[in-house]
Structures are given as structure tokens and as C-alpha cells.
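See structure below.
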Amino acid sequence: MRTVRISAAETLASMGHGLPPALAQPLDKTLDEYRQALALNIDRPEAHVSLARLHAGQGDPEAARRALESALRLDPAFVPAAVNLADFHRAAKQDQRAAEVLRQALRHSPEAPALHYALGLLLIRQGETRAALDELAAATRLAPDNAQYAYVYKLALKERRNRAP
């Protein structure tokens, strides 16, 4: 039952603002229980990523950022934390910081396709097509069964061919 409550609380965390008091109080209690469960594993980067999701869901992006940074301090090679932190910076229109996070993570996990994919997308948004294609190609090579990586890579190749004189 505890696992179900915690899972439901994580899902509903972002809805707590508009709930009537009769529903908000049990949710708050369950969220406290969830935070306690995360505290038991706070020495693991996974707990910090879960905490970041909770903070983000509750509308506290700065706390989410700090939790993701803590996860990367614990394990600089932890891909989910790096991808999420880079996305945080991208959403804040801090593309350079996002790229730094991804490149740093790639130094620790050069064979992580999700890092290459995220960096490739970021580079496309920055107009760095050649570098983006290299990253998307790496993601596709490292995860040949990932249809999304292959699809985006092929779209980027097609777009580049269409722009060529």
C-alpha cells in the first residue's frame, strides 16, 4: 500500500495547488512519506532525480535544479541527471550551460546514447548542424534499436540536404 500511495503522490504532486483541503491534506501527508522514503536513499543519485521531479512538479524549479546538481556530484556519469539538468537549463534559455552539462557528462559516459541525442537536439536548436549530425549519428550508432534516434537523425540529414545549394 505504501508503494501505491507514494507512486500516486509523485504523480499528483503537481496538482496539490488547486486541491480542496480535504484532498490536499492526505496528499501532503503522502508527499512527506515520499520525501522520507527518498531520504533513506539520499546517498544515491536516483533519489536526487526523483526529488527533482517532485520539486519540479510542485513548481519549485530551483530546488529541482539543486537536486539534479546533487545527483551529478554523487555520480558525474549518471545520465538521467545530466539529461534532466541540461533540459532545465535549455528551458531557462541557458543553452550554453545545457551544452556544458551534456559535454561534461559525455566525458564520464561517452557511450551513453541519450547524452549524444540530447546534445544533438541542442546543437540543432543552436544552428550547429554539422556538430548536431555527428551527435545524432553517435546516438543512432550506440542505440541502433531506438527508432526515435534514427528518425530524428534521418530528418536532420534530410533537412541538411534540402538546404544545400
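The values are calculated or read from the model by the stated rules, or taken from the named source; none is laboratory data. Quick caveat, the model's predicted, so the values are computed rather than measured. Every residue, glycine as well, gets a Cβ built from its backbone with ideal geometry; the counts of neighbours run over all protein chains shown. All accessible areas refer to the heavy atoms of the entire protein, side chains included, with ligands and DNA or RNA removed. Shrake-Rupley method; radii C 1.70, N 1.55, O 1.52, S 1.80 Å.
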Shape call, segment 46-104: gyration tensor on alpha carbons, a/c limit 1.5: oblate
Over the chain, average the accessible area per residue using a 1.4 Å probe and give it in Å², no decimals. 59 Å²
Of the candidates PRO21, PRO76, PRO45, which one comes out as most mobile in a Gaussian network treatment of the chain with C-alpha springs shorter than 10 Å? PRO21
Theoretical ellipticity at 222 nm over the chain - DSSP helices of four or more residues, -39500 (n - 2.57) apiece, nearest 500: -25000 deg cm²/dmol
Of the listed values [x] 41, 37, 27; [y] 47, 32, 32; [z] 64, 32, 30, grab the one calculated as Cα extents along the principal axes in Å from the structure here. [z]
With everything on Cα atoms, drop me the angle between helix 61-74 and the longest principal axis of the chain, reported from 0 to 90° to the nearest 10. 70 degrees
Kindly list the residues of segment 39-83 that lie in the label zone of ARG97, defined by a backbone N under 14 Å from the point 7 Å along the Cα-to-C-beta vector. 61-70
